[in-house]
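This is the structure I have questions about; it appears just below.
A short reminder: the numbers here are calculations on the coordinates, not readings from a lab. Because the structure is a prediction, the values reported are computed rather than measured. All Cβ positions, even for glycine, are placed from backbone atoms using ideal geometry, and neighbour counts span all protein chains on display.
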Amino acid sequence: MTDIRDVIAAERLELAEILVGLPAKAWDAPSLCEGWRVREVVAHMTAPYRHPDAEFLRAEDADELNRAADELARLDAGQLTSTELTAAVRDNARHPWQPDGFTGALCHDVIHGLDITVALGLGRQVPLDRLRIVLDTIVPDRAAFFGVDLTGKRLVATDLDWSNGDGEPVTRPAQELVLLVCGRT
């Protein structure tokens, strides 16, 4: 089995390559994160590396966490260039930050990477082994964090041997299921 740190590093390095190639106007394009442009998403993704002592990283309440993370992402997005933000992703490919347990960093990176690449129509497909880890981590327990109710739903991936839940089947490719569970429409 591959070490999760190698999987996280691969995800970050692939995203950094995508970010390097983005035209300047793409950094100001809306992402799937409501109210955030691409630059706010990348600022948010890299905040734990640049602000390891930030108080919001220890927030107990989801509303408090989201408010503080939003403020910091907006502040940093206004102060850092796209080159600096890209470097923060690339240079921290092996950063040890792990929110919510062993796979939390991968979930964070994959979800926010999709917030960028799907919104920009880049057609990136996250490798299926990563999507399986993300789905196993966020379904069903963390769906409520994103305001998604999976009661009475059975999620079934069409491109991966993965399913979860009971009830009415929701059948989609794994990447679309990740977006659905995270409340991205």
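Looking at VAL181, TRP97, LEU120, which one has the Cα that reaches farthest to the positive end of the dipole of the chain (charges on Cβ: Lys, Arg +1; Asp, Glu -1)?
Value: LEU120.
Please state the relative contact order of the chain as a whole percent: Cα pairs under 8 Å, 6+ residues apart?
Relative contact order, the chain: 22 percent.
Magnitude of the Cβ-charge dipole of the chain, K/R +1 and D/E -1, about the Cα centre, nearest 20 debye?
With only Lys, Arg, Asp and Glu charged at Cβ, the dipole is about 480 debye.
Which of SER31, SER82, SER163 comes first, and how do the rest follow, when ranked by fewest Cβ neighbours within 10 Å?
SER163, SER82, SER31
In degrees, nearest 10, range 0 to 90: what is the angle between the Cα axis of helix 62-79 and the longest Cα principal axis of the chain?
40
Taking other Cβ within 10 Å of each residue's Cβ, how do THR103, THR137 sort, fewest first?
Neighbour counts put them in this order, fewest first: THR137, THR103.
Treating only the Cβ of Lys, Arg, Asp and Glu as charged (+1, +1, -1, -1), what charge dipole size does the stretch 117-185 show about its Cα centre? Round to the nearest 20 debye.
240
How much net charge surrounds ALA29 when only other residues with a Cβ under 10 Å from its Cβ are counted (Lys, Arg +1; Asp, Glu -1)?
Residues close to ALA29 contribute a combined charge of +2.
Tilt of helix 38-50 relative to the longest C-alpha principal axis of the chain, in degrees (0 to 90, nearest 10)?
It works out to around 80 degrees.
Quick check: the distance between the Cα centres of the stretch 152-182 and the stretch 68-135, to the nearest angstrom?
Spelled out, the Cα-based centre of one part sits 22 Å from the other.
May I ask for the Kirkwood hydrodynamic radius of the chain, worked out over all distinct Cα pairs and given in angstroms to one decimal?
By the Kirkwood definition, the hydrodynamic radius is 16.8 Å.
Then there's this: For the pair GLU84/ALA54, report the inter-label distance in nm, with labels modelled 7 Å from Cα in the Cβ direction.
Between GLU84 and ALA54, the simple spin-label model gives 1.4 nm.
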